[in-house]
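The structure under discussion appears below in the form of structure tokens.
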Amino acid sequence: MAKVLEVQQLNKYFGQFQALKNVSFDIEKGEVFGFLGPNGSGKSTTIRAILGLIKHDSGDIKLLGMDTAQHMMAAHQRIAYVPDDVYLWPNLTGGEVIDLLLRMSGHEHTSRTDALIKKFELNTKKKSRTYSTGNRQKVPLIVAFSLDVDLYIFDEPTSGLDPLQARNFQEEVLALKQAGKTVLLSSHILSEVEKMIDKLAIIRNGEIIESGTLSSMQNLAELNVKATLPDYETVLRFSHRHKFASIHNTASFAIRRDELATVLRELSEADVQDLQITPPTLEDLFIQYYDVGGAQ
Ligand SMILES: Nc1ncnc2c1ncn2[C@@H]1O[C@H](COP(=O)(O)OP(=O)(O)OP(=O)(O)O)[C@@H](O)[C@H]1O
């Protein structure tokens, strides 16, 4: 499958501070890619470097098959970008800002723009300085979804949107996916993007600490076991297990998938009376990734 974005060994310093450390990932055509990480982990810096808005110190970036060091202008024609910090001209109305942003990216106001304004319930007659955070955020989203381009980059797009508008955003992203478009979606909250993404990378302290599909990440994680046993003495046979805890004659602990057969045999020999084995929730898993090694 064609690669729409290839980031290799990207490094970026702000003075002595290294904001990005050998960041590498790929996005293939038609994928919705989640770029996840806590506040200050390097998501926006990576996106700005990809778009040439800041200069990186080393590493290679290929956008739509083009080396951005030489073809940034050509690549920009085929990208829609919604930044995390939206600037709107305060004395223009929302409608005027939308048209200005469309013209600046070489596009026109179309019936699709009108449909999006209606869908996101934006009052385009009001001056943009009077907009709430959520309404401000809708402006570049309407512009981005109006464009027919190859790659859509959204940097924390739903943080100010109410649940209804966040759902509208999700619908539009899924429509892009249906149309075979490619999307990079950054967020610090997995549950906000979980339903949209095919693949993800998790960045922490400027380093990619995990990447793959959600299910592959879940497969790496431990299973939770909860077993009711005949008596407390039998419960204690499992006390060496990871995350062991007990209430009366019920033991709970965590196991790796490759330990499953052994543990099932041990439980059967121990005359297990009730048994639940569950995978970790994605949110548990995600928090585990955030916590590893502590915050910056
Ligand atoms: N212009 C700059 N000068 C100095 N440090 C910067 C600059 N821009 C970003 N940083 C630092 O680089 C690190 C990564 O910041 P970045 O904005 O990329 O994080 P982020 O993952 O997008 O965070 P958030 O979710 O809070 O938007 C942070 O420690 C930040 O303080």
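The values are calculated or read from the model by the stated rules, or taken from the named source; none is laboratory data. What you see is a predicted model; the values in this text were computed from it and never measured. With ideal geometry, Cβ positions are generated from the backbone for all residues, glycine too; neighbour counts draw on all protein chains shown.
Of the conditions (1) closer than 23 Å to D26 by Cβ; (2) surrounded by 13 or more Cβ atoms within 10 Å (Cβ to Cβ); (3) among the β-branched types (V, I, T), T250 satisfies every one except a single condition; which number is it?
(1)
Of the conditions (1) more than 16 Å from the ligand (Cβ to nearest atom); (2) among the hydroxyl-bearing types (S, T, Y); (3) closer than 17 Å to F286 by Cα; (4) not in a helix (DSSP H, G or I), Y152 satisfies every one except a single condition; which number is it?
For Y152, the failing item is (3).
Okay, residues lined up against (1) surrounded by 15 or more Cβ atoms within 10 Å (Cβ to Cβ); (2) acidic (D, E); (3) out of contact with any helix residue (DSSP H, G or I) (no Cβ under 9 Å at 6 or more places or on another chain):
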residue	(1), (2), (3)
E222	yes, yes, no
V225	yes, no, no
Y232	no, no, yes
L236	no, no, yes
S239	no, no, yes
H242	no, no, yes
E259	yes, yes, yes
L264	yes, no, yes
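Filter region 50-61 down to residues that are in contact with an Asp or Glu (Cβ under 9 Å, 6 or more places away or on another chain) and more than 19 Å from D155 (Cα to Cα), then give me how many there are.
Restricting attention to region 50-61, the residues satisfying the condition of being in contact with an Asp or Glu (Cβ under 9 Å, 6 or more places away or on another chain) are 60-61.
After this cut, where a residue has to be more than 19 Å from D155 (Cα to Cα) as well, the list is 60.
Going through region 50-61 one residue at a time, the tally reaches 1.
To keep it simple, each residue is scored yes or no on (1) in contact with a strand residue (DSSP E or B) (Cβ under 8 Å, 6 or more places away or on another chain); (2) modelled with pLDDT of 95 or more.
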position: Q8; (1), (2): yes, yes
position: G52; (1), (2): no, no
position: K62; (1), (2): yes, no
position: D67; (1), (2): yes, no
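Go through D85, D67 for me and flag whichever is within 23 Å of E156 (Cβ to Cβ) and acidic (D, E). Outline the logic, then answer.
Details: D67 fails: within 23 Å of E156 (Cβ to Cβ).
Testing whether each residue is within 23 Å of E156 (Cβ to Cβ) and acidic (D, E) leaves just D85.
Can you spot a residue in region 162-181 that is over 26 Å from T113 (Cβ atoms), touching a helix residue (DSSP H, G or I) at 6+ places or on another chain (Cβ under 9 Å) and touching a residue at least 12 places away in the same chain (Cβ under 8 Å)?
At the first step, the residues of region 162-181 found to be over 26 Å from T113 (Cβ atoms) are none.
No, there is no match, as no residue in region 162-181 is over 26 Å from T113 (Cβ atoms), touching a helix residue (DSSP H, G or I) at 6+ places or on another chain (Cβ under 9 Å) and touching a residue at least 12 places away in the same chain (Cβ under 8 Å).
Considering only residues that are at positive phi and either among the aromatic types (F, W, Y) or more than 7 Å from the ligand (Cβ to nearest atom) (or both), which ones fall in region 32-57?
G52
Among the hydrophobic types (A, V, I, L, M, F, W, C) and at pLDDT below 95 - does that describe any residue in region 110-120?
First pass over region 110-120, keeping only residues among the hydrophobic types (A, V, I, L, M, F, W, C): 115-117, 120.
Cutting the leftovers down to at pLDDT below 95 gives us none.
For region 110-120, residues among the hydrophobic types (A, V, I, L, M, F, W, C) and at pLDDT below 95: absent.
Residue under question is S186, and the condition is that it be hydroxyl-bearing (S, T, Y), surrounded by 18 or more Cβ atoms within 10 Å (Cβ to Cβ) and over 13 Å from the mean Cα position of the chain (by Cα); does it hold? Before the answer, list the steps.
Numbers: hydroxyl-bearing (S, T, Y): yes; surrounded by 18 or more Cβ atoms within 10 Å (Cβ to Cβ): yes; over 13 Å from the mean Cα position of the chain (by Cα): no.
The answer is no for S186.
Given the residues V86, V97, V143, which is the only one that is within 16 Å of the ligand (Cβ to nearest atom), under 30 Å from L64 (Cα atoms) and either of a type in the set (V, I, T) or without any contact (Cβ under 8 Å) to a residue 40 or more places away in the chain (or both)?
Details: V97 fails: within 16 Å of the ligand (Cβ to nearest atom); V143 fails: within 16 Å of the ligand (Cβ to nearest atom).
Just one listed residue meets the conditions, V86.
Which condition number does R129 fail, the rest of (1) in contact with a helix residue (DSSP H, G or I) (Cβ under 9 Å, 6 or more places away or on another chain); (2) in contact (Cβ under 8 Å) with a residue 24 or more places away in the chain; (3) of a type outside the set (S, T, Y) being met?
Result: R129 fails condition (1) only.
Tell me, yes or no, whether region 229-246 has at least one residue that is touching a strand residue (DSSP E or B) at 6+ places or on another chain (Cβ under 7 Å) and in contact (Cβ under 8 Å) with a residue 40 or more places away in the chain.
Yes: region 229-246 contains one or more residues that are touching a strand residue (DSSP E or B) at 6+ places or on another chain (Cβ under 7 Å) and in contact (Cβ under 8 Å) with a residue 40 or more places away in the chain.
Go through region 1-88 and tell me which strands (runs of 3 or more DSSP E), entirely inside it, have 2 or more residues that are closer than 29 Å to Y131 by Cα and touching a helix residue (DSSP H, G or I) at 6+ places or on another chain (Cβ under 8 Å).
On the way: elements: 3-14, 17-28, 32-36, 58-63, 79-82.
In region 1-88, the matching strands (runs of 3 or more DSSP E) lie at 32-36, 79-82.
What number goes with the only condition from (1) under 22 Å from G40 (Cβ atoms); (2) out of contact with any Gly (no Cβ under 7 Å at 6 or more places or on another chain); (3) modelled with pLDDT of 95 or more that P157 does not pass?
(3)
Just for helices (runs of 4 or more DSSP H) wholly inside region 178-296: which have at least 1 residues that are within 16 Å of the ligand (Cβ to nearest atom)? It would help to see each step written out before you state the result.
Working: elements: 190-193, 214-220, 232-235, 260-269, 282-291.
Ranges flagged: 190-193, 282-291.
Check off (1) assigned by TED's automatic domain parsing to the domain that holds S146; (2) surrounded by fewer than 20 Cβ atoms within 10 Å (Cβ to Cβ); (3) farther than 30 Å from K118 by Cβ for S191 and give me the number that stays unchecked.
(3)
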